[in-house]
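**Q** Shown below is the structure under consideration.
The values are calculated or read from the model by the stated rules, or taken from the named source; none is laboratory data. Keep in mind it's a predicted model, so treat the numbers as computed, not measured. Quick reminder, even Gly has a Cβ in these numbers, built from the backbone with ideal geometry, and neighbours come from all protein chains shown. These accessible areas exclude ligands, DNA and RNA; they are computed on the full protein's heavy atoms, side chains included. Shrake-Rupley method; radii C 1.70, N 1.55, O 1.52, S 1.80 Å.
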Amino acid sequence: MITVHHLGVSQSERVVWLCEELEIPYTLRRYDRDPSTRLAPAEYKALHPMGIAPVITDGEVVLAESGAILEYLMARYGGGRVSVGPEQRNFPDYLFWFHFANGTLMPSEMGSMIANFLKLKEGNPIIAMLNSRSERAFALVEKRLTDATYFAGNNFSAADIMMLFPLTTMRAFVQKDLTAFPHIKAYLKRIGARPAYQRAMQKGDPGMAPKLD
């Protein structure tokens, strides 16, 4: 039995959501953040040498990193669902957006969060660089969702599961006004209507309203 070790309000929501989309039998174990530091508790950090979320256990397998976990679960249990194979024309789009989420968009928003913690002021060249990078990233996302219903094309895929966190829950840490991005907002409403997403968020973070607007 797969156990999803879910740290509240974290990227591990992706793993819960994938399990719900694929209807994989799994055990969900929830961990609350430390109320003072807002970091993972010691019990969670002990799961993996990096001490980060998410983590799953599957028999003797202990695996971290959300992208790696999604690929593992799809390869082992997915049966081709929500993934795009190399023989399909939209495979490059699927790969790009699957990896853009944590390769570009998340580091950009994490950098902004750290800058806020350090109380860097407007006009600081680091702030200017981070803002420019974030603006380019969101403009690219808006353009993609103008041209396609989902990130990999016409059909929902794991690229959407990877991309949603920086567009939604990450905004609990770094404020982002989506007024200028109508296609992103319309996309979030489409995703929010998915029963598997609704189940995942209710199970993983029952006290949090998803940031879908």
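**Q** Give me log10 I(q)/I(0) at q = 0.15, 0.24 Å⁻¹ for the stretch 57-106, Debye formula, one equal scatterer per alpha-carbon, no solvent.
**A** With no solvent term, the Cα-only Debye profile gives -0.48, -0.99.
**Q** Heavy atoms only, 1.4 Å probe, whole protein assembly: order His6, His183, His99 by accessible area, highest first.
**A** Values: His6 0, His183 70, His99 100 Å².
Descending order: His99, His183, His6.
**Q** Write down the radius of gyration of the stretch 174-213 and its Dmax, each obtained from C-alpha positions, in Å.
**A** 11.2, 31
**Q** Now a separate question. Kirkwood Rh and Cα-based Rg: tell me the resulting Rg over Rh for the stretch 11-85, rounded to two decimals.
**A** Details: Rg = 13.2 Å, Rh = 13.3 Å.
My calculation of the ratio gives 1.00.
**Q** Please give the charge dipole size of the chain, origin at the Cα centre, charges +1 on K and R Cβ atoms and -1 on D and E Cβ atoms. Round to the nearest 20 debye.
**A** 460
**Q** Taking only protein heavy atoms and a 1.4 Å probe, what accessible area per residue, in Å², does the stretch 22-68 have with all protein chains in place?
**A** Averaged over the residues of the stretch 22-68, the accessible area is 61 Å².
**Q** Using +1 on the beta carbon of Lys and Arg, -1 on that of Asp and Glu, and nothing else charged, what's the dipole of the stretch 45-167 about the Cα centre, debye to 20?
**A** 280
**Q** When the chain is modelled as a GNM with alpha-carbon springs shorter than 10 Å, which of Thr37, Thr169, Thr149 fluctuates the most?
**A** Thr37
**Q** Work the Kirkwood hydrodynamic radius out for the chain: mean of 1/r over every pair of different alpha-carbon atoms, inverted, in Å.
**A** 17.9
**Q** Sticking with this one: Probe radius 1.4 Å, ligands and nucleic acids ignored: give me the carbon and sulfur share of the accessible area of the stretch 100-190 as a rounded percent.
**A** Taking all protein chains in place, the stretch 100-190 shows 58 percent carbon and sulfur surface.
**Q** Got a number for the accessible area of Asp32? Probe 1.4 Å, square angstrom, nearest 10.
**A** Its accessible surface works out to 100 Å², give or take rounding.
**Q** Starting from the Cα of Ala193, step 7 Å toward the Cβ, then list every residue of the stretch 138-152 with an amide N under 15 Å from that point.
**A** The answer is 149-150.
**Q** If contacts are Cα pairs under 8 angstrom and at least 6 residues apart, what is the relative contact order of the chain in percent? Write out the running numbers ahead of the final one.
**A** On the way: 273 pairs, mean separation 49.6, N = 213.
RCO, the chain: 23 percent.
**Q** Work out the P(r) tail for the stretch 89-213: percent of alpha carbon pairs separated by more than 24 Å, whole number.
**A** 29
**Q** What residue among Asn124, Phe138, Tyr150 has its Cα farthest toward the positive end of the dipole of the stretch 115-155, where the charges are +1 on Lys, Arg and -1 on Asp, Glu, each on the Cβ?
**A** Comparing the listed Cα positions along the dipole, Asn124 ranks first.
**Q** Leaving ligands, DNA and RNA out of it, work out the accessible area of Ile24 with a 1.4 Å probe and give it in Å² to the nearest 10.
**A** Counting only protein heavy atoms, the figure is 20 Å².
**Q** Shifting gears a bit: Hey, can you find the accessible area per residue of the stretch 85-213 for me, probe 1.4 Å, expressed in square angstrom?
**A** 52
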